[in-house]
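Colleague: Handing you this structure, nothing more for now.
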Amino acid sequence: MLKQRVLTALVLGPFVIWSVLTFSHAALAIEMALILMLAAWEWARLSGVKNQLGRISYAFFIAGLLLVLAWLMHVDVSWLEIILYVSCGWWVAMFLLIISANRQPVTVSESLSSLLVMRNMLAGIFILSGAFVAVVGMHRFEQYGARYIFILLILIWVADSAAYFSGKAFGKHKLAINVSPGKTWEGVAGGLLATVVAAYIISIYLEIAVPLNIYFILIVIVTICFSIVGDLVSTGLYRNEWDELFQYSGNVFSSRPLMPVLGNHDRQDGLGAWMYQELFALPEDSPELVHPENTYAFEYGNALFLMIDATHPIEDQSEWIEEKLKQSTATWKFAMFHFPPYNFEEPYPDIQAAWCPLFDKYHVDMVMGGHVHYYMRSKPMRNGEVVSTFEEGTVYTISIGIKSDHEDIGEEVYAEKRFKEGPFYQLMEINNTTLNYTAYNEAGDIKDLFTINRLPQNE
């Protein structure tokens, strides 16, 4: 992910800066229209429009709308102010919606899916046209327009980069777990701090005197806050991707029970996991504050499986986890959830603090996760430290079903096996008191294996 960001910035950054500072007003307007036309095509796909004709039609509709807006601003510059007021009002409404969604995810029934697509496409009109009007409208002021756009880009790049690195290094407290579980308040704080410093330096460069420089910095902070809100809005409710999963793995799913667990891509945008819930019939055995099928437990043979929705607040599920583990007489205990407590990229200290002590207390044999795109199997662990035997500790694993793009996966002193390339799948065979675990790559080659021998509990 970091490599992609850097390469994208190196390729597109100089071109964007050059076009903003050197293009004529008309040329920049055409460039923006073409870019946003491509963005409209992608937005239609994200909104749930499945056919190419629908996406192309939406892209041309946006292009036509942008031409109309450009003409209106050319005829009467007051249209610039009107359109920006409307766009700002929409962003305020989205800010309030995101706050509401983070407190309680919205559940949308499948019968409303067409309305959901229409809502998403309507949102795209405000987002894309607002961006066009803001950039093109500012650029038309020859004295300072291009320079201010350049400054805006710098501030956004500084905020985004600082938020990414500070969140990666210090992130512990989730910003909006029901909307975008990966983002943290520490990332926000790092982004805002770096932005304030950058804004102060820019105010000196622009020779903005006191107290106007204070107002300038406050405006910058508000702008970056809305930039953060915009970065949270993304959705993963694509029926075609579920269809591809079922088609690709149909031979397995048709003869074996499929017991899934939610990840962040299954319930983004604060819209809940309605499609996931419609596609699966799962045990309705969840904690009180969690949707009945999102977190559940079941026993298969002499093994207990805890399937935990880690995108839901952690504190709402800890008591349920302990109750299930305490009541179980199963020989084997497993926990599965999306966010791995231990990993090289973004460990989850909140999960380590709340759930891992329970796994230690009731001796969960394995905790299996995903999210971070690589393979890792830990040595047996207890209290965050490596222990000598499987009987003493829990094994934590991470695996992915797609290819990985990591070049450097750092070091993990607790890791027994790691691979930065993927994909992988695992086969676990339990024969009473013996567990055989084997991990395969897509070619069917064995990449990892181990065995745990367990004495019966009554011995």
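Read-outs: derived from the displayed coordinates by stated rules, not from any lab. Here the structure is a predicted model, which means the values were calculated and not measured. Cβ placement follows ideal geometry from the backbone for every residue including glycine, while neighbour counts extend to all protein chains displayed.
Colleague: What is the set of long-range amide H partners of ASP448 at a cut-off below 5 Å, with H atoms built 1.01 Å from backbone N?
Modeller: Under 5 Å from the amide H of ASP448: ALA439.
Colleague: Quick one: give the max-minus-min coordinate of the C-alpha atoms of the chain along each principal axis, largest first, in Å.
Modeller: That works out to 87, 48, 43 Å along the principal axes.
Colleague: Using the Karplus curve 6.51 cos²θ - 1.76 cosθ + 1.60 with θ = phi - 60°, work out ³J(HN,Hα) for each residue of the stretch 256-262 in order, rounded to whole Hz, and write x for Gly and Pro.
Modeller: 9, x, 10, 10, x, 9, 6
Colleague: Right, here's the next one. Counting each DSSP H run of 4 or more residues in the chain as -39500 (n - 2.57), what helix-only mean residue ellipticity at 222 nm follows after dividing by all residues, to the nearest 500 deg cm²/dmol?
Modeller: Rounded to the nearest 500, the figure is -17000 deg cm²/dmol.
Colleague: Now, a different point. As a quick test, which of the pairs LYS379/LYS447; LYS168/LYS379; LYS361/LYS420; LYS333/LYS417; LYS324/LYS417 have an alpha carbon distance above 26 angstrom in this structure?
Modeller: Violating the 26 Å Cα-Cα cut-off are LYS361/LYS420; LYS324/LYS417.
Colleague: List VAL75, VAL135, VAL261 from most exposed to least, where exposure is judged by having the fewest other Cβ atoms within 10 Å.
Modeller: Least crowded to most crowded, the residues run VAL75, VAL135, VAL261.
Colleague: Taking amide H positions as placed 1.01 Å from N in the peptide plane, with prolines and chain starts having none, which residues 5 or more places from THR295, or on another chain, fall under 5 Å of its amide H?
Modeller: It is ASP309, by chain and number.
Colleague: Something else: List, in order, the whole-Hz ³J(HN,Hα) value for each residue of the stretch 67-72 obtained from phi through the Karplus relation with A = 6.51, B = -1.76, C = 1.60 and θ = phi - 60°; use x for Gly and Pro.
Modeller: Each residue of the stretch 67-72 in turn: 4, 5, 5, 4, 5, 4 Hz.
Colleague: Taking H placed 1.01 Å from N in the peptide plane, check which residues at least 5 places from LEU304 or on another chain put their amide H under 5 Å from its amide H.
Modeller: TRP332, LYS333, PHE334
Colleague: If packing is taken as the mean number of other Cβ atoms within 10 Å per residue, what is the order of 334-347, 146-159, 383-396, highest first?
Modeller: Highest to lowest by the protection proxy: 334-347, 146-159, 383-396.
Colleague: Normalise the Debye intensity by I(0) for the stretch 239-453, one equal point scatterer per Cα, no solvent, then take log10 at q = 0.13 Å⁻¹ and round to two decimals.
Modeller: Summing over Cα pairs of the stretch 239-453 leads to -0.77.
Colleague: How would you rank 318-326, 431-439, highest first, on the average number of other Cβ atoms within 10 Å across their residues?
Modeller: 318-326, 431-439
Colleague: Take every DSSP beta bridge with both residues inside the stretch 239-453 and express the antiparallel ones as a percent of the total, to the nearest 5.
Modeller: Beta bridges within the stretch 239-453, antiparallel portion: roughly 70 percent.
Colleague: Quick check: from the Cα gyration tensor, does the stretch 339-442 come out rounded (a/c under 1.5), prolate or oblate?
Modeller: oblate
Colleague: What does the C-alpha gyration tensor say about the overall shape of the stretch 1-81? Classify as rounded when a/c is under 1.5, otherwise prolate if a/b is larger than b/c, or oblate.
Modeller: It comes out oblate by the Cα gyration axes.
Colleague: Here is a follow-up. Can you compute 3J(HN,Hα) from phi for each residue in the stretch 145-157, using the Karplus curve 6.51 cos²θ - 1.76 cosθ + 1.60 with θ = phi - 60°, rounded to whole Hz and x for Gly and Pro?
Modeller: For the stretch 145-157, the Karplus curve yields x, 4, 5, 6, 4, 4, 5, 4, 4, 4, 4, 5, 5 Hz.
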